[in-house]
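In what follows, a structure is listed as structure tokens, so that the remarks can point back to it.
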Amino acid sequence: MLIAPTVKAIVFTDWDGTVTLQDSNDFMTDNIGFGEKRRRELNIEVLEGRWTFRDAFRDMLDSVHKPFPECIEYLKQNIQLDPGFADFYKWAKESGIPVIVVSSGMKPIIHALLVKLVGEDAANNIEIVANDVKVNDDGSWDIVYRDESGFGHDKSLAIKPYAALPKEERPILFYAGDGVSDLSAAQETDLLFAKVGRDLITYCEREGIPYHVFHTYTDIHDKIKAIVDGEVTLESAIENKNVEAL
């Protein structure tokens, strides 16, 4: 649902490996699926354009045979929150800045982790735009993709309606991400936050996409607050200055 364009800014964020320290789907694949080596091979295939994210992600999840309810409990025991996110969310809520999770993961997992890691209030107030899951009677499960794109969930589609608003109504748009699932959203906002040392930076450097690097959500919090308060400009936040400014 399109948020009324009276807000100063909107923060779209990836979930896995961005709001959380670990990617829940990678964690399952590495530890109870076909393992890290094969997962990294598939990530490279996606980055190089030889596989779609949709097909690679399904291969990853198909290698996990634990029943879905057990997967959620397993992740709740192992996935940790980025140390800066709770404070960022508190500030954003108090400032009237919506936070929208745009994820290639599965909504039931994200909601369960939000409740555990941030609280019921956050889980009820943060919009989650993500894939779904079909759980069979025997506990086996399959991802249900949000759309027919090569991403399974084309994240840019969640952002484009806001980007298309008239200039006088359009809030500042931010996106934070880390990996290959974020490629479709990388060019859709006014400022992209890309996590240090991850595949999204590799992609942005290769494609000449402007970004600001972050280590934790505290970096994102500080920069967004400074921009919204008018202390710094969007252009000054771009760190790979060899590309065209926004």
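The values are calculated or read from the model by the stated rules, or taken from the named source; none is laboratory data. A quick note: this is a predicted structure, and the numbers were derived from the prediction, not measured. Backbone-built Cβ (ideal geometry, glycine too); neighbour counts: all protein chains shown. These accessible areas exclude ligands, DNA and RNA; they are computed on the full protein's heavy atoms, side chains included. Shrake-Rupley method; radii C 1.70, N 1.55, O 1.52, S 1.80 Å.
Brief remarks follow.
- When N124 is tested against the conditions (1) among the polar types (S, T, N, Q); (2) surrounded by fewer than 21 Cβ atoms within 10 Å (Cβ to Cβ); (3) touching a residue at least 60 places away in the same chain (Cβ under 8 Å), the lone failure is (3).
- Under the condition of being polar (S, T, N, Q) and assigned to a helix (DSSP H, G or I), the residues counted in the stretch 9-39 number 4.
- Any hit, the stretch 40-59, residues being in a loop (DSSP other than H, G, I, E, B), without any contact (Cβ under 8 Å) to a residue 40 or more places away in the chain and more than 20 Å from L183 (Cα to Cα): no
Residues are listed down the side, and each one gets a yes or a no for (1) more than 20 Å from the chain's Cα centre (by Cα); (2) free of Cβ contacts under 8 Å to residues at least 60 places away in the same chain:
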{"residue": "P166", "(1), (2)": "yes, yes"}
{"residue": "Y175", "(1), (2)": "no, no"}
{"residue": "L183", "(1), (2)": "no, no"}
{"residue": "Y217", "(1), (2)": "no, no"}
{"residue": "H221", "(1), (2)": "no, no"}
{"residue": "I224", "(1), (2)": "no, no"}
{"residue": "I238", "(1), (2)": "no, yes"}
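- Matching residues in the stretch 163-182 - criterion: being of a type in the set (A, V, I, L, M), open to solvent by less than 20 Å² (accessible area, probe 1.4 Å) and either modelled with pLDDT under 95 or farther than 16 Å from G105 by Cα (or both): L173, V180
- When we screen K225, K160 for residues that are more than 20 Å from S103 (Cα to Cα) and surrounded by fewer than 19 Cβ atoms within 10 Å (Cβ to Cβ), the only hit is K225.
- Enumerated strands (runs of 3 or more DSSP E) restricted to the stretch 139-246, each holding at least 1 residues that are among the acidic types (D, E): 141-144
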